1. Does anyone have the angle between helix 359-368 and the longest principal axis of the chain? Alpha-carbon axes, 0 to 90°, nearest 10?
2. How much of the calculated P(r) for the stretch 162-323 lies past 27 Å, in percent of all Cα pairs?
3. What are the ³J(HN,Hα) values, in whole Hz, obtained from phi via the Karplus relation 6.51 cos²θ - 1.76 cosθ + 1.60 with θ = phi - 60°, for each residue of the stretch 231-242 in sequence order, with x given for Gly and Pro?
4. Sort F348, F174, F183, F312 so the one with the fewest other Cβ atoms within 10 Å of its own Cβ comes first.
5. Could you give each residue of the stretch 248-254 its phi-based ³J(HN,Hα) in whole Hz, using Karplus coefficients 6.51, -1.76, 1.60 with θ = phi - 60°, and x for Gly or Pro?
6. Using the 10 angstrom Cβ neighbour count as an exposure proxy, how do E178, E131, E212, E219 rank, fewest first?
7. Ranked highest first by the average count of other Cβ atoms within 10 Å around their residues, in what order do 201-209, 244-252 fall?
8. Listed highest first by mean packing, meaning other Cβ atoms within 10 Å per residue, what order do 265-277, 151-163, 318-330 come in?
Amino acid sequence: MRAVVYEKPFTVSVLEVPKPTILHPDDVIVKGDCSCRWIIDSDLHMYEGRTSAEPGIVFGHENMGIVDEVGGGVTLLKKGDRVVMPFNVACGRCINCEEGRSAFCTVVNPGFVTLMGTYVAMGPYPGGQAEYVRVPFADFNALVLPPGTEHEEDFALLADIFPTGWHGVQLSGFRPGESVVVFGAGPVGLMAAYSAIIRGASNIFVVDRVPERLQKAKEIGATPIDFSASDPVEQILKLRGGKEVDRGVDAVGYQAVTSDGKTEQPNVVLESLIRVVRPTGGLGIPGLYVPNDPGAPDSAAAKGYISFPFGFKLFEKGLSLGTGQCNVKAYNRYLRDLIIAGRAKPSFVVSHNLTLDAAVEAYEKFDKRIDGYTKVLLHP
């Protein structure tokens with residue numbers, strides 16, 4: 001089958017690789033005839049050589065398609081079902097899975113999060129930017145969707161982006177009527193802002209420097225803040241008459257940059273959030289932070305150590321802090337039903353629909369933010 005294969009930093013190719021097979025009775029094989037495979041910011045960490053990804057792996061951790069083969073132990077799925085899978089693989093049986101914390105499954109990968117798609121040293125599963133993908137623990141991991149092709153782009157976002165944005169708001173301790181600031185207007189940041197809107201936020205600020213992304217934020221009803229113009233915290237405080245916001249979401253992570261858009265400063269978003277969120281407010285941090293970064297700007301960040309004012313402001317202001325990968329299974333069926341009911345349409349973030357063969361060019365353009373690339377959908 002054809003798949004997007006990582007060769008070296010800034011180089012991927014569409015190559016012929018072995019088609020996956022059933023390896024365990026709990027597996028299914030999902031076919032990409034009607035499926036969606038996304039390119040998002042998380043993929044760029046590997047594409048740019050900023051992870052421990054090895055040459056030869058198949059990219060893709062957001063997968064949706066049609067069940068093509070079913071293992072003998074699978075009871076809830078059948079051939080022909082339309083399904084979407086969470087980006088993080090889980091067993092559905094351990095204590096964390098039972099408590100709704102599927103991102104931290106202690107069976108599949110007790111040391112760290114395991115993703116559907118070999119990603120940032122997070123598991124052994126080949127990715128889904130391919131014509132077929134094997135899904136382990138399929139009864140638990142595969143969410144069944146209505147048959148047909150309706151809501152195709154919206155449902156594909158249930159693999160990661162929509163639940164992760166929702167999770168970021170949840171981690172912050174948000175309550176309806178509160179004000180929220182989201183740093184980062186990539187797909188996750190836009191989904192966090194959109195989730196805050198759905199959940200009843202009074203004011204929402206979105207901080208970024210890419211014009212197309214800030215325009216998207218404005219279109220959904222958020223106030224865009226261009227951090228390349230001036231200090232974003234000062235901009236927000238001025239707009240609010242000096243008042244801080246109730247909740248903050250970091251949708252940027254470890255590759256945060258200063259106002260020039262080029263100089264990396266891993267702690268810049270965390271410091272800004274601590275400054276702009278009110279005393280006893282909350283921070284939600286779904287943005288990716290890794291234990292090792294080969295391209296880090298300093299030796300501490302290379303080992304996953306990031307400095308921020310814990311004692312001076314975080315403790316002093318009594319801020320709460322929630323972080324970690326999204327427990328997709330805790331949210332995806334409810335977000336699916338919001339889509340079906342017409343209460344949510346997250347596909348507004350989609351900028352391009354392309355064939356799998358266009359992946360090489362798409363990665364290059366998405367990395368450089370050329371032609372308004374905000375989120376790319378690949379069709380095998």
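What follows is calculated from the coordinates using simple rules that are stated; it is not laboratory data. None of the values given here were measured: they were computed from a predicted structure. FYI the Cβ positions are ideal-geometry reconstructions off the backbone, even for glycines, and counts take in every protein chain you see.
1. So the inclination is approximately 10 degrees.
2. 16 percent
3. Values per residue, Gly and Pro as x: 3, x, 4, 5, 4, 5, 4, 5, 5, 9, x, x Hz.
4. Fewest-to-most ranking of F348, F174, F183, F312: F312, F348, F174, F183.
5. Result, rounded to whole Hz: x, 10, 9, 10, 10, x, 6.
6. Ranking E178, E131, E212, E219 by Cβ neighbours within 10 Å, fewest first, gives E219, E212, E131, E178.
7. Descending packing order for the listed peptides: 244-252, 201-209.
8. 151-163, 265-277, 318-330
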